[in-house]
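Here is the structure we will look at, set down as structure tokens.
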Amino acid sequence: MTTFSGVDGPVRYNPYDLYDVAVSHSFVAAVSWSLAAAGAWFAVTRSRLGAVVVGGAVFSHFLLDLPMHTPDLPLAYSDGPKLGFGLWNHPALALAAELLLVGAGAFFYARNTPRVTRRTRWFFIVLLALTVATPVLPAPPGPMSFAAQALAAYVALALYAHWVERGDSPPSTPASTPESRRTA
Ligand SMILES: [Zn+2]
């Protein structure tokens, strides 16, 4: 559950009081979600490497939240010790860490994609702008609007990333590329 405590909230970086996040943020849940995602990916694609990458990407949520959160990430499902190194109490450091991560992601993506298009560049500019804007945007009025806003943002970003990725892929009909016409 998330409550909103305004500008004097438990952390300085955002107004959220994350007092019960077992389903989304506990270590046990993170492992479970990662295994479920890896299993689903393998069931659909039969790719072991793909499953490991997808599972690792899902689990990275826990690892990347660890330095940011104040101690509210449960190790077990909801009871027991809670983890979090509290970078959210140092807004400048928190923002620097987030920008560094987006920058590193952009660099890694650019190094490993066949070609970087205008769509790709704009996608990372939008991500960087969102990273800078998020801590200063006004908080949603309550938990339900926060949930709706977050879910809508995640779906929109995933669809945007899919559109960018499609633009970067080579044409799916090789017969129509100049290279294949030349060699035909
Ligand atoms: Zn999180």
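The values are calculated or read from the model by the stated rules, or taken from the named source; none is laboratory data. Worth saying up front: this structure is predicted, and the values here are computed from it rather than measured. All Cβ positions, even for glycine, are placed from backbone atoms using ideal geometry, and neighbour counts span all protein chains on display.
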Can G39 be described as touching a strand residue (DSSP E or B) at 6+ places or on another chain (Cβ under 9 Å) and away from the ligand (no atom under 16 Å from the Cβ)?
no
Mind listing whichever residues of the stretch 62-74 are part of a loop (DSSP other than H, G, I, E, B) and surrounded by 13 or more Cβ atoms within 10 Å (Cβ to Cβ)?
H69, T70, D72
Of all residues in the stretch 1-21 being surrounded by 16 or more Cβ atoms within 10 Å (Cβ to Cβ) and among the hydrophobic types (A, V, I, L, M, F, W, C), which is modelled with the lowest pLDDT?
F4
Just to be sure I understand the filter: pairs with C-beta atoms under 9 Å, separated by 6 or more residues or on different chains, first member in the stretch 43-61 and under 23 Å from H25 (Cα atoms), second member modelled with pLDDT under 95. Which pairs pass?
H61/S24; H61/H25
Log entry, pairs with first residue in the stretch 121-147 being in the same structural domain as Y109 (by TED's automatic domain parsing), second being among the small types (G, A, S) and surrounded by 15 or more Cβ atoms within 10 Å (Cβ to Cβ), beta carbons closer than 6 Å, six or more apart or on different chains, reads F124/A106
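I'd like the full set of residues that are in a helix (DSSP H, G or I) and either surrounded by 13 or more Cβ atoms within 10 Å (Cβ to Cβ) or modelled with pLDDT of 95 or more (or both), limited to the stretch 82-95.
Correct list: L87, W88, N89, P91, L93, A94, L95.
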Given (1) assigned to a helix (DSSP H, G or I); (2) over 19 Å from the mean Cα position of the chain (by Cα), index of the condition L101 fails:
(2)
Residues L128, L137, L99, L159: which one is touching a Ser or Thr at 6+ places or on another chain (Cβ under 7 Å) and more than 16 Å from the ligand (Cβ to nearest atom)?
L99
Within 12 Å of the ligand (Cβ to nearest atom), at pLDDT 95 or above and surrounded by fewer than 19 Cβ atoms within 10 Å (Cβ to Cβ), is that true of S32?
no
Those residues of the stretch 129-141 which are loosely packed, with under 15 Cβ neighbours inside 10 Å and either touching a Lys or Arg at 6+ places or on another chain (Cβ under 7 Å) or in a helix (DSSP H, G or I) (or both), in sequence order
A129, L130, V132, A133, T134, V136
